[in-house]
Structure formats: C-alpha cells, structure tokens
1. Answer with yes or no whether residue 73 is in contact (Cβ under 8 Å) with a residue 60 or more places away in the chain, open to solvent by less than 70 Å² (accessible area, probe 1.4 Å), among the hydroxyl-bearing types (Ser, Thr, Tyr) and closer than 20 Å to residue 144 by Cα.
2. Which fully enclosed strands (runs of 3 or more DSSP E) of segment 2-45 have 1 or more residues being modelled with pLDDT of 85 or more?
3. Among the residues of segment 107-121, is any in contact (Cβ under 8 Å) with a residue 24 or more places away in the chain, under 27 Å from residue 145 (Cα atoms) and surrounded by 13 or more Cβ atoms within 10 Å (Cβ to Cβ)?
4. Between 103, 128, 137, which is without any contact (Cβ under 8 Å) to a residue 40 or more places away in the chain and either surrounded by fewer than 17 Cβ atoms within 10 Å (Cβ to Cβ) or more than 18 Å from residue 66 (Cβ to Cβ) (or both)?
Amino acid sequence: MELTEFGFGGVSLMDRERVAFAINTADSAGKPSSKRPEALLLTDSRIIHISGNEKQRTAVIASVRDVEAVEITSNREGYSAYLWAALAVVLSIVLFGTIENTGVKLASSAIVLLMGVYLVINQVTEPGKPTAVFRAGGSEIKWEFDYGENSEDVNSFINRLYQIKESSVNHSGAPTNFAPR
C-alpha cells in the first residue's frame with residue numbers, strides 16, 4: 001500500500017499491513033498542507049512517523065509490541081529567546097551610548113529594550129506546544145500537535161495503539177494474566 005494519500009509518494013507499507021489510524025498534515029487530496037509534510041501512522045504492527053519532503057525525508061518506525069510508554073508533555077522552545085533578549089539589552093545600551101540626539105537615543109533604546117522584554121515575557125507566559133512521545137526500546141517518536149483540534153486525534157491514536165498492542169499479545173499465545181507463585 002502506497003502512502004500517497006498522506007502526502008508521501010514512494011513510501012509503502014509491508015504486504016498485508018494496513019493503516020489503523022492516521023494523523024497527518026495533508027489535505028484530503030494527499031497534498032501536504034505545510035511546507036514540511038508530516039504524518040503519524042498506526043498500522044496493525046507498527047507506528048510510523050514520517051516527515052519532510054522527498055529529498056529530506058525522515059522516518060522513525062517502532063513496533064507496536066515494543067511500545068513501553070506514551071507520554072504527553074509540553075515541549076518548550078530552548079533558550080534562544082533569552083539569548084535574543086540579552087542581545088537586545090546590549091544593543092539598547094550601545095544605541096543609547098552612540099546616538100547623540102536625545103529623543104532618537106531614548107526612543108531607539110527603548111524600542112529595542114522593549115523587544116527584549118517582550119521575548120522574555122512571551123517565553124515565560126506562553127505554554128509549550130503539546131507533544132506525544134512514544135517510547136519503544138531505545139527510540140522515541142515525538143509528535144507535536146495543537147491543543148484544540150488534534151487533542152482528540154492524539155487520544156484516539158493512543159487508545160487504538162493499546163488496543164492493537166493488547167490484541168497482538170492475546171493472539172500470540174502469550175498468557176494474558178500473570179500467575180503469582
């Protein structure tokens with residue numbers, strides 16, 4: 001089965017493997033809705049996270065049986081906003097020291113300083129983007145999503161994942177109950 005409907009031509013599944021649940025950024029015609037297409041697919045045996053265009057495609061694949069835990073966390077940006085804010089403070093001091101006209105000196109320094117303050121306030125007050133992290137062995141699959149529109153999809157994806165995982169354990173002949181001794 002080709003994955004063209006999810007915006008990824010040239011990528012196919014194994015024989016008799018089918019997609020059980022999908023969250024993707026492609027529209028109904030299979031065209032990516034963003035510059036960097038991305039899809040999180042759950043098949044009857046694997047989780048597949050594909051991102052990027054044909055030249056820079058990245059894929060992370062994990063077996064459903066190997067999934068140990070799923071974590072939903074808030075993914076924050078790094079320290080770059082604080083670095084830019086510090087640079088704005090330094091630049092406002094340089095502007096204040098080098099410009100001779102008092103009005104321009106105060107206005108330009110204040111504008112640059114306020115930009116730095118905005119960056120710090122934005123970093124502190126804005127919640128990070130929610131991320132679902134699927135842990136399987138030594139690998140992780142990370143899926144960033146929006147709070148409102150994709151939260152239900154992610155919850156349904158996780159529920160379906162554990163349904164498939166449980167049914168594969170039950171059908172493999174492994175005992176479903178642990179008998180203590």
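1. Details: in contact (Cβ under 8 Å) with a residue 60 or more places away in the chain: yes; open to solvent by less than 70 Å² (accessible area, probe 1.4 Å): yes; among the hydroxyl-bearing types (Ser, Thr, Tyr): yes; closer than 20 Å to residue 144 by Cα: yes.
Yes, satisfied.
2. On the way: elements: 8-12, 19-24, 38-43.
Per the criteria, 19-24, 38-43.
3. Quick first cut of segment 107-121, residues in contact (Cβ under 8 Å) with a residue 24 or more places away in the chain only: 112-113, 115-117, 119-120.
Right, trim to under 27 Å from residue 145 (Cα atoms) and you get 119-120.
When the remaining residues are screened for being surrounded by 13 or more Cβ atoms within 10 Å (Cβ to Cβ), the result is 119-120.
Within segment 107-121, one or more residues are in contact (Cβ under 8 Å) with a residue 24 or more places away in the chain, under 27 Å from residue 145 (Cα atoms) and surrounded by 13 or more Cβ atoms within 10 Å (Cβ to Cβ).
4. Details: 128 fails: without any contact (Cβ under 8 Å) to a residue 40 or more places away in the chain; 137 fails: without any contact (Cβ under 8 Å) to a residue 40 or more places away in the chain.
Within the list 103, 128, 137, the selection yields 103.
The values are calculated or read from the model by the stated rules, or taken from the named source; none is laboratory data. Just so you know, these numbers come straight off a predicted model, no measurement behind them. Neighbour counts are summed over all protein chains in view; Cβ atoms, including those assigned to glycine, are modelled from backbone coordinates with ideal geometry. For accessibility, only protein heavy atoms count, side chains too; no ligands or nucleic acids. Shrake-Rupley method; radii C 1.70, N 1.55, O 1.52, S 1.80 Å.
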